[in-house]
Each structure stands twice: as C-alpha cells, then as structure tokens.
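Reviewing the structure listed below.
The values are calculated or read from the model by the stated rules, or taken from the named source; none is laboratory data. Here the structure is a predicted model, which is why all the values come from computation and not from measurement. Note that each Cβ is placed from the backbone with ideal geometry, even for glycine, and that neighbours are counted across all protein chains shown.
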Amino acid sequence: MLTRVSAKRLFLALLPLTLAFRLWLGWAMPMTGDEAYFVDWGRHPDFGFYDHPPMVGWWLTAQLALGDAAVWLRLSAILQPALLALASAWMLPRLAPDGADNLSERAGWAALLILLAPVNVWNVFVTTDTPLIYFSVLAALAWLRASRDDGNDGGDHYVWYAVAGLMLAGAVLSKYFAALLGFAFLVHALTLRRKGPLVGLAIAYACTLPALALMAWWNAGHCWANVMFNFINRHEGAGLNATTPLLYAATLLYVLTPPALWLWWKSRGKDGLWLLAAVPFALFALMSLAKTVGLHWLLGFVPLVLLWLALRLSTIALAKLGRFFIGFAALHVAVIVAIALLPLETWKRSNLYDGIVLTFETDKLIEQLRPFDDYAWASDGYSNAATLSYHSPKRFMVFGEGGYHARQDDFITDWRQHDGRNILILIKSRTATADFLPWFHEVELKTLEQRGVEFTVVLGRGFNFAAYRDNVLAHIRSRYYAIPAALPQNGCSFCNRYFPEKPCTR
C-alpha cells in the first residue's frame, strides 16, 4: 500500500528508473525535424531566430561545442522532470500555509507527481519549450516565495522578486508565451491588495526589460521576423472553430490526467499557486476558440498544478493519486517499448511512412547521395532539410516557397551564390521534370529506394537565379515579408539581398 510507503522513498526508487528510461529513449530515437531545425540554429548562433527568441539556440551552441550526439543535445530535456521535481520539493515547505502538516511527505509527493506526469515520462525532445519550461517554473516558484514572505521583517522577498524577474527574462528569451506567466504575476499581485507585491511586480518586470530590448533591436534589423511569424503570418485565415476547444480540453486532460485536473479544480482558490496555472490555462482556452493549442504550450504550468495538489490534498488522497500516476507511467513505458520493438514496415500503410523512413534511415539516404557531392544539396521543406543536414557533412538548403513557419533558411542561404551551379533536391513525393525546369538549364530525375519508399532526386544543372528570384523569392517576399509600415526597420537581409529596390513593407 502506498499509504504505508514514504513518498520520498518512492521518488528515490523511481528517479533512477525514469532517468534510465529517458536516457534510453533519448539515445534510441532519431532526431526529429524540429529538433534538427533548432540544432541548425545552434550552428549559426545569433541574437534571435526567425520563429522565436534565441535561448534554445544559445543552449545548443554551447552543447555543440562538446558534441552533436542526439542524447547529449537532449540532455537538458531528459533531466528536466527530475530537476523540476527536486526544485518544487525543495520550495514546497517555503510555500506552505501556516500550520500545514507533513511537509516532508508532501514534498515527496510533489516530486513524485511531477516526475511521473504523463508527458514527463516520454518527452525527451529538445525544443524552444525546453528552456521555457525551466525558466517558467523557476520564475513561478521564486515569485510565490517572494509573495509568501512579503510583509515579514527583512528584505529577502525583494531578492526573490528579482530572481523571479530574471527567470521571467529567461522565459521571455525562450518564447513569447512567457507573457502569459507575466500576466499571471499581475493578476496575483492585484488579488493580494498590498503594496509589496506591486513593488515586487515592478522589480520583476524591470528585470525583463533588457531581454525585451534585445528582442526589439534584433527584430528591427531582421525583418521583424518574430513579429511577422508569431502575430501575423501564422494567424491568417484563423477564425472561430468548434473543434479546437474540444481538442484543448482533451489535451489538458491528458497532460494533467483526469483525476489530477478534477482535484485541482475542486480545490480551487485565490491562492497564488493556483492562479499562476489557472490564468494561463484560461488564456489558452480563449485562444483555442480560434486555433489549435499545442500540447507543449501547457507544460510549464503542469508542475504548479501538481505542487498545489501536494500542498492541499490529504496524504490518503495523495497516495491514491500517486498510485494512479505510477500505473499510468508504467502503461506509457510498456506502450513505448512495444512500439520500439516493431519493425519500421509496420507503418507501411500509414501516410507518415515516408517521413518515418527518412527520419530513421537518414544515414543510408545520405550515403546514396555521395556520388553527387559536387552539387549543392537541398530539400523541399524545412523538416526534411533540417533532418538531412543533421546527418550530413553538407547542409541542405530549403528549395521552393516552403510554409509560414521555420523560415530560418531565408537568412542562412544566399541563392545568388548558386547562380549557374548544380543543385540536388531530395524530395519524398514523385515529381515531373517540368516542375523544376523553369529554375534550371537542365533537369534529370533519379529514384532512391529505401525500406520500400521511393525518394525522388532532382538533379538541377545550371541554376537560373534570376528566374527563381522573380517567381519563387518574389512570392516569398510578398507572402512572408510584407512588414507593416508602422514597424521601424534597421535592415532585412532577405529583402536587401534580393530586392534592394523594393522595401519590405505592406
């Protein structure tokens, strides 16, 4: 019976098991397209990147100095549940209301629940959300510590407000969703109706100003790329949708589990710990009326819910919830191991099979391209190009228009330098020579077979930059770089490079 076993002992017993499983998963899983895309950021460090602020690129730049193995680059994600569990357990006694009992045991339950939260069992993939989650949780814990101590003798709470602000600045440099946590700080400060939290809020916000200034400066000199992507291009065509709120509800149920979500809602109150999760969840609910809310968007607030439950539930209720989390985690492990043992051909009937083969068999595909080493290499989408680049001695460019997201290649590749050159383009679908002939003097198609999938290799000889500029690049400019005139510009490499006579404005 879990009620007879110390939560701390359970945590210490399961910690090495979960770490071993996550290390194995981080080693066994090939790099996904998104991960490889962010690795490419790390190989081209800057003060910002097309889609998001620079933090994950900075982390990967530092790690790449020591190696590029997938399990190494994923280490910050692999260790995240354990580190956040320990941080939350350490902070719990300092957040507990006066008179709370069994604080050591409650800290153990907080650590255990965070360690075994559903997504924490399997999510070993490094993304922009990896640093965001670290900074968001630590910012929230520091804010709660500061507001809890506010009013006591001494000024330590102002130090904690500053720590909260510095962590919030790290979150700001990770992803724009950090604004939701900053807004939650404001809501909590207003509910306390004291001068101290408002002063603390000013301190925390002041700490984020250098990060905001850096982002504004970089965007002004780089086509306002973050603003165009996050606030304009990705929202064109968005409207009220009856399906996305249901999908958000299902996502929330999964990341928290139904019993934890119900117990958290049932025990709701105006406590800061409750509000710091409730406010972002409510804002995500509003967003879901018009767009899909990603599962990973919620992960920075899940530990706050579980920490709340560890503080508020009885030890008997915590034991029942812990038993559920252990069983659900074991189910995840069993399913993942079973899937890992299946041959790739199991998914042959799936529409995703060609992408699965490209991801798992990348090295073999690259080997088949070696006879064409005198060509520049490219693919027709950012995910394929990034995945291939991670495994290749040569970087793959993104050939063609692409989509509204992941356009970092616009800053890295200069198509003028390839005028007249030969370019190899690897694509998953079949194509016709006529589809590429406008951009080359001569086109030849070859087929590569791997695991039953036929990949098309387009051998374009004599790249016609002028034609590519006037058609493909001109359309990219009008579609993705129509910058509002109200935004002051200090430069836009894409437009300056290809269209110096036409400013990038609407």
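Assess whether Leu103 counts as being at pLDDT 95 or above and of a type in the set (A, V, I, L, M).
Answer is no for this residue.
For Phe396, are the conditions met, namely being in contact (Cβ under 8 Å) with a residue 60 or more places away in the chain, out of contact with any Pro (no Cβ under 6 Å at 6 or more places or on another chain) and surrounded by 13 or more Cβ atoms within 10 Å (Cβ to Cβ)? For Phe396, the condition - in contact (Cβ under 8 Å) with a residue 60 or more places away in the chain, out of contact with any Pro (no Cβ under 6 Å at 6 or more places or on another chain) and surrounded by 13 or more Cβ atoms within 10 Å (Cβ to Cβ) - is not met. Residue-level check: of (1) under 29 Å from Asn384 (Cβ atoms); (2) in contact (Cβ under 8 Å) with a residue 40 or more places away in the chain, Gly108 misses just (1). Residues being surrounded by fewer than 17 Cβ atoms within 10 Å (Cβ to Cβ), of a type in the set (Lys, Arg), assigned by TED's automatic domain parsing to the domain that holds Leu261 and under 25 Å from Trp264 (Cβ atoms) are represented in the stretch 94-106 by at least one member. Of the residues making up the stretch 243-270, just one is part of a loop (DSSP other than H, G, I, E, B), surrounded by 14 or more Cβ atoms within 10 Å (Cβ to Cβ) and at pLDDT below 95, namely Ser267. Of the candidates Val335, Val357, Val293, the single residue that is closer than 30 Å to Phe396 by Cβ and either buried (at least 21 other Cβ atoms within 10 Å of the Cβ) or in the same structural domain as Trp143 (by TED's automatic domain parsing) (or both) is Val357. Kindly indicate which of Thr431, Thr447 is closer than 30 Å to Pro30 by Cα and surrounded by 14 or more Cβ atoms within 10 Å (Cβ to Cβ). Answer to the check: Thr431.
Selection of the stretch 453-490 for residues being without any contact (Cβ under 8 Å) to a residue 40 or more places away in the chain and either among the β-branched types (Val, Ile, Thr) or not assigned by TED's automatic domain parsing to the domain that holds Leu365 (or both) yields Thr456, Val458. Is it true that some residue in the stretch 151-160 is over 28 Å from the mean Cα position of the chain (by Cα), charged (D, E, K, R), farther than 25 Å from Thr18 by Cα and part of a helix (DSSP H, G or I)? Yes, the stretch 151-160 has at least one match.
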